[in-house]
Every structure is written in C-alpha cells, then in structure tokens.
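The values are calculated or read from the model by the stated rules, or taken from the named source; none is laboratory data. In this text, all values refer to a predicted model and were calculated from it rather than measured experimentally. Methodologically, a virtual Cβ is constructed for each residue, glycine included, from the backbone with ideal geometry; neighbour enumeration extends over all protein chains shown. For accessibility, only protein heavy atoms count, side chains too; no ligands or nucleic acids. Shrake-Rupley method; radii C 1.70, N 1.55, O 1.52, S 1.80 Å.
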Amino acid sequence: MKKIIVTGCNGQLGRAINQEYEGSTEFRMVNTDVDELDITNIDSVMEFVRDVNPYAIINCAAHTNVDA
C-alpha cells in the first residue's frame with residue numbers, strides 16, 4: 001500500500017483529502033498536523049519523511065491567523 005503524508009490533516013482541506021481516500025486499498029494516509037510536525041523545521045520534516053518513506057506528500061497546512 002502506498003503511503004501519502006497529509007500535512008494539516010485537521011484543517012478543512014486535510015479532512016476533505018482524507019474523506020476522498022477513505023476506504024482506499026491503494027493508498028494509506030499518514031496524517032500529521034502542527035502538534036506532531038512543525039513544517040517550518042526542515043530537519044524535522046526530513047526526518048519524518050525518511051521514517052515514513054511516502055509515495056507522495058499533500059501539503060494542506062495553512063497559516064490561519066492572517067493578521068499576524
């Protein structure tokens with residue numbers, strides 16, 4: 001089964017992606033959000049990617065506090 005990393009899995013887009021692939025026998029979603037993985041830290045991201053060895057990465061992470 002091919003693994004796909006989904007960043008921002010708790011957001012609207014991340015949830016929609018997971019819903020789309022729900023029940024797939026070809027793909028397994030590896031979900032992560034800010035609490036598990038800080039995508040601004042390249043070393044953490046690279047370590048995570050090496051550990052998971054994904055087929056693909058879907059980046060659904062977003063900065064929601066646009067006033068900041």
(request) Quote the FRET efficiency, to the nearest 0.05, computed for Glu36 versus Ala16 with a Förster distance R0 of 25 Å and r equal to the Cβ-Cβ distance. (result) 0.85
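Would you mind telling me the share, in percent, of accessible area of the chain contributed by carbon and sulfur at probe 1.4 angstrom? Intermediate values should be presented prior to the final figure.
Working: 2370 of 5090 Å².
After summing per-atom areas, the C and S share lands at 47 percent.
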(message) On the principal axes of its Cα set, how long, how wide and how thick is region 1-49? Give whole Å, largest value first.
(response) 31, 24, 11
